[in-house]
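Asks: Take this structure, written in structure tokens, and hold onto it; I'll ask about it next.
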Amino acid sequence: MPHAELWQRHRQVMPSWMQLYYDEPIELVRGSGRRVTDGEGREYLDFFGGLLATMVGHDIPEITEAIRAQAGRLLHSSTLYLIRSQVELAERIAKLSGLSDAKVFFVNSGTEAVETALLLATQRRRSHQVLALRGSYHGRSFGTVGATGIRGWSATALSPLAVTYVHSGYRYRSPFGHLDDAAFVAACADELRTMIETSTAGDVACLLAEPVQGAGGFATPPEGFFPAMKAVLDDYGILLISDEVQSGWGRTGRSFFAMPGFGVTPDAITFAKGLGNGVAIGGVVAPAGLMDCLGANSISTAGGNPLATAAGVATLDYLLSHDLQANADKVGEHLMTGLRAIAEGCPLVGEVRGMGLMIGVELVVPGTREPAVAATLRVLEAARQRGLLIGRGGLHGNVLRVTPPMTVTVAEADEALTVLREALTTVERTEENA
Ligand code: PMP
């Protein structure tokens, strides 16, 4: 079927609010390593897939084989029976989380992972009041969408939760003005305390927080941000849930889950996306005292099924045996340095930020901090035309997101940097002449 016909049929049968990238959306049909091929035979370097699904790259033989072997033995989606790979994966994640006496519950997606964490926190604290960070993204279900602080991702303004937003670690557009790190952190912690005191009924269940905000444009807090926030939460007995659907598994280069790398032990961690390397899986890890507080089974029939957990075990094995956290640190640093060098000669770039392989490039109207939204879309398209897939995000949709699989090499990073330099320069010139 020709590509144009597929796109036409998609529009006919899929909801209008399903967003696809690019004016002419592409169909990915094959992948190998860090490269994907579309239905028309064009090859791309995949610098966004790293957190969407392909945490360690496409078609990694060890992982593909583990999935194939499980599919050949048993496909079963009921979790009413013992599942060896589920128990094994849970034990390993519990240990890697660094949480004491940890237990793990598996689901099928990041949204379900956050829903489960919300069930735990609200049940434990007997309150439906929740704090969330501005610019957050936690999912698209009824509960999680209400705690998502980006209007573009909010399908409904109704919510089963009473949500109060506080400022995140996003410094580029701080409401507190231009402060140094310590003063910014103190202002955020002050705001948190004031909001708890004045805008809630006082018995808040939890703060939901992404250590590095993903859809929010890889907003990365300064050192000290989370310890200061946690100190305030502790004064009120409010739980901290670290949503690591994007930042987990060593992608930040610093620690296995990102929140402990910021010096804070959360009360629960949610994870998903990368763990199955393309197979749907998610979960929550939390100390037994919190995990066991529910009175009945949570989501869902297929959570932690044999296929998903077999993929998870194989992906985790691969990740750890190849020390991909160290690679994320090394190549991430290389990309960051390269992007900062590009930014120096490109006034379209307002800020380059991030950690490890989560790098955001915020585009602004040159000479101002005004979000350059249309230019961002043009850079995305210009990169695609040159064979590079990257992502987009930010409160205003003006941030390029660079997040390749954790196996990415320095040579591939250089290839991407060349394309990004060209794409940014071309768009900047067009904007100047517009
Ligand atoms: N939390 C975070 C931090 C996310 O980035 C996402 C997905 N972008 C989710 C939750 C929801 O995950 P999923 O799309 O797998 O439901």
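Asks: Have a look at the DSSP beta bridges in segment 83-226 and tell me what percent are antiparallel, nearest 5.
Replies: 10
Asks: Between Leu80 and Ala4, what length in nm is gained on full extension when 0.36 nm per residue of separation is reduced by their alpha carbon distance?
Replies: Computed gain between Leu80 and Ala4 is 22.9 nm.
Asks: Among 58-67, 370-379, how do they line up from the highest to the lowest mean number of other beta-carbon atoms within 10 Å?
Replies: The packing order, highest mean first, is 370-379, 58-67.
Asks: List the residues of segment 290-325 whose backbone N lies under 20 Å from a point placed 7 Å from the Cα of Arg73 along the Cα-to-Cβ direction.
Replies: 302-319
Asks: Oh, and also: Let a ≥ b ≥ c be the square roots of the eigenvalues of the Cα gyration tensor of segment 1-127; is it rounded (a/c under 1.5), or, if not, prolate (a/b larger than b/c) or oblate?
Replies: It comes out prolate by the Cα gyration axes.
Asks: If you don't mind, there's one more thing I want to ask. If I histogram all Cα-Cα distances within segment 192-274 using bins 10 Å wide from 0, what percent of pairs lands in each bin?
Replies: The distribution over segment 192-274 is 18, 50, 27, 5, given as percents.
Asks: Pull up the DSSP beta bridges for the chain and report the antiparallel fraction as a percent, rounded to 5.
Replies: 65
Asks: Within the P(r) computed for segment 373-434, what percentage of the Cα pairs occupies the region above 13 Å?
Replies: Tail of P(r) above 13 Å: 62 percent of Cα pairs.
Asks: Apply the a/c threshold of 1.5 to the C-alpha gyration tensor of segment 64-321 and tell me whether it is rounded, prolate or oblate.
Replies: Prolate, because a/c is 1.5 or more and a/b exceeds b/c.
Asks: While we're looking at this one, here's another question. Any idea how far apart His322 and Ala341 come out in nm if each label point goes 7 Å out from Cα toward Cβ?
Replies: Between His322 and Ala341, the label points sit 2.6 nm apart.
Asks: Could I ask something else about it? Kindly state, to the nearest 0.05, the FRET efficiency for Glu40 paired with Asp414, given R0 = 30 Å and r defined as their beta-carbon distance.
Replies: The pair Glu40/Asp414 has a calculated efficiency of 0.70.
Asks: How big is the dipole moment of segment 5-89 about its Cα centre under a simple scheme where the beta carbon of each Lys and Arg is +1, that of each Asp and Glu is -1, and everything else is neutral? Debye, nearest 20, please.
Replies: Dipole about the Cα centre, nearest 20: 340 debye.
Asks: I'd like the FRET efficiency for Leu52 and Ala201, computed as 1/(1 + (r/R0)^6) with the beta carbon distance as r and R0 of 41 Å, rounded to 0.05.
Replies: Approximately 0.60, to the nearest 0.05.
Asks: Moving on to the next point. At 0.36 nm per residue, and after removing the present C-alpha to C-alpha distance, how many nm does the segment from Thr265 to Thr194 gain when stretched out fully?
Replies: Using 0.36 nm per residue and subtracting the Cα-Cα distance, I get 23.2 nm.
Asks: Would you list which lysines come within 25 Å of Lys230, measuring only between C-alpha atoms, while excluding same-chain residues fewer than 8 positions from it?
Replies: Reachable lysines: Lys95, Lys103.
Asks: Between segment 337-362 and segment 261-314, how far is it from one alpha carbon centroid to the other, in angstrom?
Replies: Centre-to-centre (Cα) distance: 33 Å.
Asks: Counting only DSSP beta bridges with both residues in segment 64-321, tell me the antiparallel percent, nearest 5.
Replies: 40
Asks: While we're looking at this one, here's another question. What order do you get for Asp329, Asp180 when you list them from fewest to most C-beta neighbours inside 10 Å?
Replies: Asp180, Asp329
Asks: Here is a further query. Work out, step by step, the length gained on full extension between Asn433 and Ala374: first 0.36 nm times the residue separation, then minus their alpha carbon distance; give nm to one decimal.
Replies: Answer, rounded to one decimal: 19.8 nm.
Asks: Would you give the gap between the C-alpha center of segment 110-137 and the C-alpha center of segment 165-197, rounded to a whole Å?
Replies: 21
Asks: Run the dipole for the chain about the Cα centre, Lys and Arg Cβ at +1, Asp and Glu Cβ at -1, nothing else charged, and hand back the magnitude in debye, nearest 20.
Replies: 640
Asks: Starting from the Cα gyration tensor of the chain, take the square roots of the eigenvalues, sort them a ≥ b ≥ c, and report rounded, prolate or oblate (rounded when a/c is under 1.5, otherwise prolate if a/b is larger than b/c, else oblate).
Replies: oblate
Asks: Projecting each Cα onto the charge dipole of the chain (Lys/Arg +1, Asp/Glu -1 at the beta carbon, about the Cα centre), which of Gly135, Ile359, Thr430 comes out farthest on the positive side?
Replies: About the Cα centre, the residue reaching furthest to the positive side is Gly135.
Asks: Right, next: Listing Thr426, Thr309, Thr368 from the residue with the fewest other Cβ atoms within 10 Å to the one with the most, what is the order?
Replies: Listed from fewest to most nearby Cβ atoms, that is Thr368, Thr426, Thr309.
Read-outs: derived from the displayed coordinates by stated rules, not from any lab. Just so we're clear, the structure is a prediction, and the values are computed from it rather than from any experiment. Backbone-built Cβ (ideal geometry, glycine too); neighbour counts: all protein chains shown.
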